[in-house]
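Chemist: Would you mind keeping the following structure in view while I ask a few things?
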Amino acid sequence: MILVRTIVELRSAIAGARGRGSPVSLVPTMGAFHEGHVSLMRRASEEGGLSVVSLFVNPAQFNDPSDLERYPRDEARDARLAEDAGADILFAPPVSQVYPPGFSSSVEVRGVSAPLEGAVRGVEHFRGVATVVTKLFNMVQPDVAFFGQKDAQQALLIRRLVRDLDMPVRVEVCPTVREGDGLAMSSRNVLLAPGDRERAPALYRALTAVERAVAGGVHHPDEALAAGTRVLTEAGIVPEYFAAVSTDTLAPVRRITGETLIAIAARFGAVRLIDNVLVRPAERRG
Ligand code: AMP
């Protein structure tokens, strides 16, 4: 694996593979790697061809400056993990490469960026995500890019972005990787206070309680979500949002009739965690 920091170096490192007609894959990340990231890198390397992992803590998508400051960083460890996961190139640019002086463009995906995370973090968050992903796609020009279902709204937004702007990239969304107790892996988990780390798996237990209710025949979202709210209340968690929404528009559903996204966000001290599951009602017999 080689480590590159500039767009010029990146392009020249990719040119050979592209010239040979090998496919190029991209895994965009903000570093502080865990098994979730590693699963995406393995998928990318299984594609064959050249796999690029980008590591860039994107200031434009942080609505809270202290969240950006606290964000865990360990590039040397990340480089080892990326190499072990089969990455060919680790692209870790400084902020000045991505946002040179005078930078003044942005990409906005309306609609799906507005609810849930958009409502809590403001429009700048997903504008920052869409802009940096567009830039990374232009820098790397991948054939395929890998994202995690853990950030379901982000994945949906990127699918929309690629479709709306005719980007020649296949978007693959990979399953959420969890700790043994169900907590979705996140770079922010290491920032949790010990007591909060113990309570945090209740997020996933709440999601699975909704899943069970729906599988058991509950179609009304309020009733299904109530099963999860009981779990949260027991753990002393008041979520920022806990919603049953359309997988297409992210608008709240009035009845759970087809595949539905159950999304949750909660604060544990200064640390915000998000998670989600896809639920579907049991097939009707006969
Ligand atoms: P991040 O570094 O948090 O921006 O994440 C980089 C990529 O890894 C994004 O596509 C995330 O959705 C994905 N990701 C983060 N956590 C997980 C997880 N627990 N399981 C699967 N993918 C994940």
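Every number in this text was worked out from the coordinates using simple rules, so none of it is lab data. What you are looking at is a predicted structure, and each value in this text was computed from that prediction instead of being measured. Positions of Cβ are backbone-derived with ideal geometry, glycine not excepted, and every protein chain shown enters the neighbour counts.
Chemist: Measure off 7 Å from each Cα along the Cα-to-Cβ vector at Arg110 and Asp222, then give the distance between these two points in nanometres to one decimal.
Modeler: 3.2
Chemist: What helices does the chain have that are whole DSSP H segments, at least 15 Å long along their own axis by Cα, and with mean Kyte-Doolittle hydropathy of 0.5 or more?
Modeler: 7-19, 123-140, 202-215
Chemist: Here is a follow-up. Just the projected area, averaged over all directions, of the convex hull on the alpha carbon atoms of the chain: how many nm²? Kindly include the intermediate steps, with their values, before the conclusion.
Modeler: Numbers: hull surface 64.9 nm².
Mean shadow area of the hull around the Cα atoms is 16.2 nm².
Chemist: Here's another thing I want to ask about it. Can you give the longest stretch of the chain with no exposed loop site, where a site means trypsin sites (Lys or Arg not before Pro) in a DSSP loop (not H, G, I, E or B) with at most 16 other C-beta atoms within 10 Å? Don't jump to the answer; show the numbers that get you there.
Modeler: Numbers: sites that count: Arg5, Arg20, Arg73, Arg110, Arg254, Arg255, Arg284, Arg285.
Longest stretch, sites excluded: 111-253.
Chemist: Moving on to the next point. So in the chain, what percent of DSSP beta bridges are antiparallel if you round to the nearest 5?
Modeler: So the antiparallel bridges in the chain amount to around 45 percent.
Chemist: Please work out the C-alpha center-to-center distance from the range 193-221 to the range 241-286 and express it in whole Å.
Modeler: Result: 11 Å between the Cα centres.
Chemist: For the range 1-104, evaluate the Debye formula with one uniform point scatterer on each Cα (no solvent term) and list log10 I(q)/I(0) at q = 0.24 Å⁻¹, rounded to two decimals.
Modeler: -1.31
Chemist: Taking the Cβ-Cβ separation of Gln141 and Ser246 as r and a Förster radius of 30 Å, what is the calculated FRET efficiency to the nearest 0.05?
Modeler: Values: r = 32 Å, r/R0 = 1.07.
It comes out at approximately 0.40.
Chemist: Just how far, in whole angstrom, is the range 72-96 from the range 9-27 if you go by their alpha carbon centroids?
Modeler: Between the Cα centres of the range 9-27 and the range 72-96 lies a distance of 17 Å.
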